[in-house]
Amino acid sequence: MTETQLRDLLVKMADSLFARGFSVGSAGNISVRTPDGGYLITPTNSSLGWLDAARISKLDADFRHVDGDKPSKEVVMHRAFYTARGDAGAVVHLHSTLATAVSCLPDVDWNNPIPPLTPYFVMRVGRRMPIIAYFRPGNPAMESTIHAAAKNARAVLLANHGPVVSGKTLTDAVYAAEELEEAAKLFLMLRGSSPRTLTPGQVDDLLETFG
Ligand SMILES: [Zn+2]
């Protein structure tokens, strides 16, 4: 996909997330690797519903701002994923309500708060999605913590803040963020009712079959 096509797809997918309430106001940011080795990322204080393809921030391979509007102040969490995961082609960060609700619960397993309830959650998000301790938004100190967690996880949940999700492509990352929000909804609906989850063998089978 060319950079122009990536810009247009980013605007379209961001608008779709905004229209369906996955993001409100200027919350959330999205980045994608470009064919020249750089990155596109949504600008600071921009709304996912009103992006201009020509003004999206362009970063070089070292994450220096080279074109477009000033990048999101949350760029460090994106960089943490790209440097930890060679397979990450895009990163989506949202403040989506139900995943964020899970990140605020005191009594969940911080190593993996959402159990494998459905196959698509496992296929899109993976075996494990840890919670990362709270950091003030934009605090550069979060980068090393996210980087360490991202080595073993395609997605993390920032405590009292929201999810950061990677994918091989922009479409993969957006679909994974959407699947995560739906999994959080199921998890919250089923709390206290001892739901049947997928077995470790079923999870292994999914990951062996679909990667
Ligand atoms: Zn945020």
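The values are calculated or read from the model by the stated rules, or taken from the named source; none is laboratory data. Note that the coordinates shown come from a computational prediction; the quantities given were computed from them, not determined experimentally. Here the Cβ is made from the backbone with ideal geometry for all residues, glycine too, and neighbour counts use every protein chain on show.
Of the residues that make up segment 64-79, is at least one more than 16 Å from the ligand (Cβ to nearest atom) and either buried (at least 23 other Cβ atoms within 10 Å of the Cβ) or aromatic (F, W, Y) (or both)? No, segment 64-79 contains no residue that is more than 16 Å from the ligand (Cβ to nearest atom) and either buried (at least 23 other Cβ atoms within 10 Å of the Cβ) or aromatic (F, W, Y) (or both). Determine whether A148 is out of contact with any strand residue (DSSP E or B) (no Cβ under 8 Å at 6 or more places or on another chain), small (G, A, S) and part of a helix (DSSP H, G or I). Yes. Given the conditions (1) within 14 Å of the ligand (Cβ to nearest atom); (2) in contact (Cβ under 8 Å) with a residue 60 or more places away in the chain; (3) surrounded by 14 or more Cβ atoms within 10 Å (Cβ to Cβ), and given that G138 satisfies all but one, which numbered condition is not satisfied? Every listed condition holds for G138 apart from (3). Filtering segment 158-175 to residues that are β-branched (V, I, T) and either surrounded by fewer than 23 Cβ atoms within 10 Å (Cβ to Cβ) or in a loop (DSSP other than H, G, I, E, B) (or both) leaves T169, T171. One residue alone among T209, T169 is in contact (Cβ under 8 Å) with a residue 40 or more places away in the chain, over 25 Å from D107 (Cα atoms) and β-branched (V, I, T), and that residue is T169.
Confirm whether P137 is assigned to a loop (DSSP other than H, G, I, E, B), farther than 26 Å from Q5 by Cβ, at pLDDT below 95 and within 17 Å of the chain's Cα centre (by Cα). It is true that P137 is assigned to a loop (DSSP other than H, G, I, E, B), farther than 26 Å from Q5 by Cβ, at pLDDT below 95 and within 17 Å of the chain's Cα centre (by Cα).
Listed by position, the strands (runs of 3 or more DSSP E) inside segment 17-134 whose residues that are without any contact (Cβ under 8 Å) to a residue 60 or more places away in the chain number at least 1 are 29-33, 39-41, 57-59, 65-67.
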